[in-house]
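Here is the structure we will look at, set down as structure tokens.
Read the figures in this text as sums done on the coordinates, not as results from a lab. Given the structure is predicted, the values throughout are model-derived calculations rather than measurements. Cβ sites come from the backbone with ideal geometry, for glycine too, and all protein chains shown count toward neighbours.
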Amino acid sequence: MVSVGQHERIELLSYSEVEEVSGYVGNFEVKVRRKPRYVNESLCTGCGQCEEKCPARNIPNEFDLGLGMRKAIYRPFPQAVPNTPVLDRAHCIYFERGRCRACERFCPRQAIDFEQQDQFVTLKVGTIILATGYDPLDVSQTASFGYGLDNVLTGLEFERLINASGPTGGQVLLRDGTSPRSIAILHCIGSRDERYNTYCSRVCCMYSLKFAHLVKETTGAQVYEVYRDMRAFGKGYEEFFTKVEEEGAIFIRRGEDVEVTKQDGHLLVRAEDIFTGENVELSVDMVILGTGMVPRSDAGDVARLFGIGCGAEGFFTERHPKLAPVETATDGIFIAGACQGPKDIPDTVAQAGAAAAAALDMIDVGKVKLEPITSFIDEQMCSGCRICIGLCPYNAIEFVSLNGRGVARVNEALCKGCGTCVAACAAGAATQRGFNDRQIYAEIEGALQAPMM
Ligand SMILES: Cc1cc2nc3c(=O)[nH]c(=O)nc-3n(C[C@H](O)[C@H](O)[C@H](O)COP(=O)(O)OP(=O)(O)OC[C@H]3O[C@@H](n4cnc5c(N)ncnc54)[C@H](O)[C@@H]3O)c2cc1C
């Protein structure tokens with residue numbers, strides 16, 4: 001991120017959101033809303049004085065998933081680029097009660113600006129890459145895994161707990177501040193489970209093994225890996241699995257159901273060990289849930305905004321799973337990372353590189369090849385019903401005004417010649433080039449006149 005922030009040909013718009021997208025490959029126009037952070041980015045040096053002096057404290061830190069606290073003016077996460085704080089208007093004493101302004105008084109650069117408003121910038125771009133990522137499964141919807149009980153954490157919560165910049169400075173501690181002596185890590189929470197998501201989230205086995213390794217390294221606690229199938233599919237991953245076994249983690253291959261309850265001040269994990277066929281009960285101090293990856297809650301809205309599709313699970317769809325894995329149905333829009341489906345960081349980075357290369361390739365060539373067979377709408381015959389516009393899977397038809405009436409017009413740069421509009425047009429105004437009725441009859445006649453072999 002630091003290199004991106006410093007690159008002379010990259011303009012980084014942080015704390016911003018895309019509001020509108022129009023145009024097509026080579027000619028996109030993107031309207032971006034820059035949200036007010038109430039800090040002037042060009043004046044702020046990131047010294048942290050404002051954060052230190054801010055009296056509004058004890059606000060749950062979103063990045064630490066509520067395990068730690070933050071001030072009203074804060075850096076959203078450690079090593080943020082740019083290193084400029086943001087003021088949370090909802091918790092700021094000045095915005096609430098009209099007095100305070102401590103951050104402004106102590107800022108040595110006069111960078112605090114309470115008057116900042118939303119700003120809109122319009123970008124003209126040739127290609128777009130979407131890399132909007134995923135959401136962790138909302139485990140509060142799952143009853144039997146014990147989430148909500150003290151010391152039952154999701155995978156991401158544990159990531160923050162064991163991170164050196166996290167709320168405990170990297171120490172694995174229970175709610176009462178003591179170190180756990182035993183931890184159970186439950187795999188496949190919300191993945192490969194008919195009740196939640198049937199797909200495999202692909203990263204949970206490996207991050208669960210990573211947790212076991214880190215726990216062993218930092219606490220010496222007994223670790224139980226309660227798994228279903230071990231999916232150590234990547235380079236060096238199987239070897240890492242063996243290493244964690246050798247470090248002393250105990251592996252229990254469980255059946256479908258697993259239950260976590262509280263008993264005598266401990267957590268009780270009940271599952272069936274499918275190797276022995278017996279029910280096991282583990283009394284542990286901490287439970288980590290290997291929560292899966294789900295599409296972002298706004299994935300559908302983002303897909304509609306950019307005119308791309310989502311699959312049945314809700315992740316963005318690629319044009320072809322093998323031959324066009326970073327392209328989308330809309331020319332010039334590419335996808336990379338977990339927005340396309342669950343994947344780990346190496347796969348995300350590889351896909352991001354491929355998406356960047358594909359986007360650059362288009363820019364470098366400077367031209368796009370049109371489909372040989374595209375649709376054409378006879379504007380004199382068009383009734384302006386707009387049915388074709390709603391049906392076009394490529395957003396290739398626009399509604400334009402012609403001599404005071406509205407008609408549909410095909411953008412040939414976007415049309416893929418699927419023929420949906422031709423089939424749907426009640427007025428018979430839409431045809432496919434090379435495939436009008438006269439041409440098809442001529443082809444049939446020609447075929448029938450050919451000598452029989
Ligand atoms: C508990 C846990 C532990 C893991 N541990 C590992 C590990 O050890 N090793 C490993 O390889 N993988 C690990 N993973 C997987 C890893 O998190 C993903 O592979 C990786 O985060 C995917 O990167 P991404 O950039 O596609 O998505 P994300 O990391 O989700 O990043 C997407 C970014 O896009 C931003 N964004 C979203 N929508 C918008 C929008 N509309 N406008 C602007 N910005 C937007 C988001 O704020 C976010 O910053 C783990 C996953 C979990 C759940």
Legend entry - Long pairs among Lys216/Lys262; Lys31/Lys369; Lys31/Lys322; Lys235/Lys367, criterion Cα-Cα beyond 30 Å: Lys31/Lys322; Lys235/Lys367
Inset, instruction - Report ³J(HN,Hα) in whole Hz for each residue of the range 326-340, in order, from the Karplus equation J = 6.51 cos²θ - 1.76 cosθ + 1.60 where θ = phi - 60°; Gly and Pro get x. - result: 10, 7, 10, 5, 9, 4, x, 10, 10, 10, 8, x, 6, 5, 8
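When DSSP beta bridges are limited to those with both residues in the chain, what percentage is antiparallel, rounded to the nearest 5?
Restricted to the chain, the bridges split so that about 70 percent are antiparallel.
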Inset, instruction - Report P(r) for the range 135-294: all Cα-Cα distances, bin width 5 Å, range 0 to the bin holding the largest distance, values in whole percent. - result: 2, 9, 20, 23, 23, 16, 6, 1, 0
Legend entry - Among 59-68, 231-240, the order from most to least packed when residues are scored by Cβ within 10 Å on average: 59-68, 231-240
Inset, instruction - Could you state the orientation-averaged shadow area of the convex hull built on the Cα atoms of the chain, in nm² to one decimal? - result: 32.8
Inset, instruction - Pop a pseudo-label 7 angstrom from the Cα along the beta-carbon direction at both Leu12 and Val32 and give the gap in nm to one decimal. - result: 1.2
Inset, instruction - Calculate how large, on average over all directions, the projected area of the Cα convex hull of the range 303-384 is; give the answer in nm² to one decimal. - result: 7.9
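As an exercise, identify the trypsin sites (Lys or Arg not before Pro) in the range 101-195 lying in DSSP coil whose Cβ has no more than 12 other Cβ atoms within 10 Å. If you can, show how the numbers build up before the last one.
Working: sites: Arg101, Arg105, Arg109, Lys124, Arg160, Arg175, Arg181, Arg192, Arg195; in loops: Arg101, Arg109, Arg175, Arg181, Arg192, Arg195.
Of the trypsin sites (Lys or Arg not before Pro), the ones in loops of the range 101-195 whose Cβ has at most 12 other Cβ atoms within 10 Å are Arg175, Arg195.
In the range 129-228, which GluC sites (Glu not before Pro) are in a loop and have at most 16 other Cβ atoms within 10 Å, using DSSP for the loop call? Spell out each step's value before the answer.
Numbers: sites: Glu157, Glu159, Glu194, Glu217, Glu225; in loops: Glu194.
Listed in order of number, the matching sites are Glu194.
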Inset, instruction - Taking the Cβ of Val407 as the centre, find all other residues whose Cβ is under 13 Å away and add up their charges (Lys, Arg: +1; Asp, Glu: -1). - result: 0
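Divide the volume of the convex hull of the Cα atoms of the range 375-449 by its number of residues and quote the answer in cubic angstrom per residue. Each step should come with its number before you reach the end.
On the way: hull volume 6.5 nm³, N = 75.
Residue-normalised Cα hull volume stands at 87 Å³.
Provide, as a two-decimal number, the C-alpha radius of gyration of the range 314-453 over 2.2 N^0.38 Å, N being how many residues it has.
Values: Rg = 19.7 Å, N = 140, 2.2 N^0.38 = 14.4 Å.
Taking the Cα Rg and dividing by 2.2 N^0.38 Å, one obtains 1.37.
For a protection proxy built on the mean count of beta-carbon atoms within 10 angstrom, sort 354-360, 332-338, 267-273 highest first, please.
Values: 354-360: 16.9, 332-338: 25.4, 267-273: 19.0.
Output ranking for 354-360, 332-338, 267-273: 332-338, 267-273, 354-360.
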